[in-house]
1. Would you compute, for the Cα atoms of the chain, the largest minus smallest coordinate along each principal axis and list the three values in descending order, in whole Å?
2. Given the pairs LYS132/LYS181; LYS204/LYS603; LYS181/LYS603, which span a C-alpha to C-alpha distance of over 24 angstrom in this model?
3. Which order, highest average first, do 490-503, 62-75 follow once you tally other Cβ atoms within 10 Å for each residue and take the mean per peptide?
4. Which residue, PRO239, LEU89, PHE38, has the largest displacement toward the positive end of the dipole of the chain when charges sit on each Cβ (Lys, Arg +1; Asp, Glu -1)?
5. Relative contact order for the chain using alpha-carbon pairs under 8 Å, separation at least 6, rounded to a whole percent?
6. About its Cα centre, what dipole magnitude does the chain give when the only charges are +1 on Lys and Arg Cβ and -1 on Asp and Glu Cβ, stated in debye to the nearest 20?
7. For the chain, just give the cysteines left without a disulfide-compatible partner, judged by no other Cys Cβ under 4.7 Å.
8. How tilted is helix 422-431 with respect to the longest principal axis of the chain? Cα atoms for both, answer in degrees (0 to 90, nearest 10).
Amino acid sequence: MTGPIDLSAIFDQFGGRCPVCAAALGAQVPIDRQSGRFESPPCLLLEIGPGDGAAGYAWRVSVVGAGFPPARSTVPRFVESEVEYIYVLCGDGHVFPYSAPAFHRFGHERDARRRVDRWNMIAAVGALASGKTYLLIRMLNQELANTQNNFPQHNGRRVERHQLNPLEQFPLDLRSAEYNKTVSELRPMQPTQAEETRPAVLLKIQLPEAVEAIRELIRKTVLDGERRADRWGHGFRQPLVIRTTSSNQITWTGIADLPGELFSSDPGSARERAMLRAFDALIWVIDPAVAAGALDKMARAPISDEADYASVLDGSLRPGTTAVEDTRQVRADRQQDQFEIGRRLTLKDSDYIAAHGRPLEMLIAVTKCDLIRAGLRKDRLSTEGGRRLDALGRPGLVRRGIGAYLASVTRRWRAGEIVPDEHSLRLLSYLYPSAAVQLDVVERRVNQVIDGLLDHYSQEEAFWGLVHEGQRDIVEIPGGGDMALPAQRIEVLSIGEHQDQSTEPGSSERMLIRDLIMSAIGCGVAYGLGHDTALFNLLQQETQRVRFFLCSPLGTVPVSRAEGQPGYAQTYRLEPMNSDDTFPYMGDQSAALTQLLLASLRKARAS
């Protein structure tokens, strides 16, 4: 027997409101006095038993804490003593794991309930085909611990993952299967459609009869039941989930992989965009492939030595796009969408940002950095001089971006808002040793460090080490010719050392050196891609904590190859530009993606 479950138990475990959409979870829904019906859909209990081949799973759906009779499957027949998983569905269908009686029944766990101590909601925003899903799938499969450290500290602060229950895991499994097709069959992932990630659609794939039973329950028990039943589960999308434990606290992190179309001016999406204002973090994905003026100047000539540049662009824009649309127009439209997202992120009371009473994590991921790497290759140097990072965009933009980030961090450090690690402290103390130092000296030192960082990370090996390989690095900053500008040496720790740092007490609130250098170079690259105005304004806002990540989910430049006869039935493959390369498996380590995951889990890592 699973035993009675009432609203107080759900409230104790999850709270009153859904963290995704704010619908009822453990909260009591008011009842209309005249009709005796709920004013809005209440939370539901979904119990699932064993599967029976083609007949599917046994199930039972009930309204929590109410006397309404439950609905249950007949083929296979639902048997209460055989329940394996119990889920709570919020008033709009989002799935939360309540317990796993099967594990409790066979003695694997003393308590089968799945408690949550902290909610951590994150949204990935970006223009159409910016590569959000590739990035999220690879990020969520990164390892949190340093697997090269055989003697890790056992201080109870290590972040450990929980096994997700099947319905929690299902959205991630669907996207993971698509990614695996890219690796094994060279098939590009399909676009994230608005409807396919809705809770009702996902549930219907596995439990079609249960979804119809839920709609019938709503028709009978909720005011305006017909309309409510039709709309149930078609509101906010089901997030990708990761549950973790650290310091004895269980954190439920949900990441909303939102389709690019959501960020158009369609008024029908306004409510969903506005819900982002309550989230803990935003991942803004910036796509360099659409920044024609910046990327082409740097990368066209080096890439054209190895492949057809148009095929490379089609591979990065979404295979097949340029066969039916003008490449110039596609890039211009998507770049404008990126600019619009950036503009809205800086506005007071915008669709996306609101004052939280705490800093909002603004995680800016420049993806597809394999294209930038290709422009840095020394043996592909062209007369256009594309092997320096500051070749991106208008002259001076990359320098300005690096300087803007260093200045922002230095200012916040002096104000006591940032606690740096020892390596970051050494750099910040050099840039701004005291309030008595002359501003002219500060500016000269910042420019000195900018020059050194640009010289170093304009080398392909160093840039790729920061983005992907993650090895320890030393950045030598030459002296500036006088006593005020002595030579400096910056130690950038390896990704493994960064993972070790992330388990130390207070690390979630500290500026670690690998994050500092990644963010400084990342801000410069994003400036070069044309986002200088938006990013300057973001860096001035006290309500946001901004970090940058230079990412390459596919690890190499992809190209698009057409198959079949031109026309409606034509399909496309996505292949590495270099025939000796392969696309990485989901769990293959990538330095920037690991850093991005750790930053996304900052709330989960907090003491």
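1. 83, 64, 49
2. On the way: LYS132/LYS181 17 Å; LYS204/LYS603 33 Å; LYS181/LYS603 33 Å.
Beyond 24 Å between Cα atoms: LYS204/LYS603; LYS181/LYS603.
3. Numbers: 490-503: 21.6, 62-75: 15.5.
Put in order of decreasing packing, that is 490-503, 62-75.
4. My answer, from the dipole projection, is PHE38.
5. Values: 1186 pairs, mean separation 102.2, N = 607.
Relative contact order, the chain: 17 percent.
6. Numbers: 70 positive and 76 negative charges, 250 e Å.
Its charge dipole is roughly 1200 debye.
7. Flagged as lacking a Cys partner: CYS21, CYS43, CYS369, CYS523, CYS551.
8. Roughly 50 degrees, rounded to the nearest 10.
Every read-out reported here was derived from the displayed coordinates using simple, explicitly stated rules and does not represent laboratory data. If you're wondering where the values come from, they're calculated on a predicted model, not measured in any experiment. Quick reminder, even Gly has a Cβ in these numbers, built from the backbone with ideal geometry, and neighbours come from all protein chains shown.
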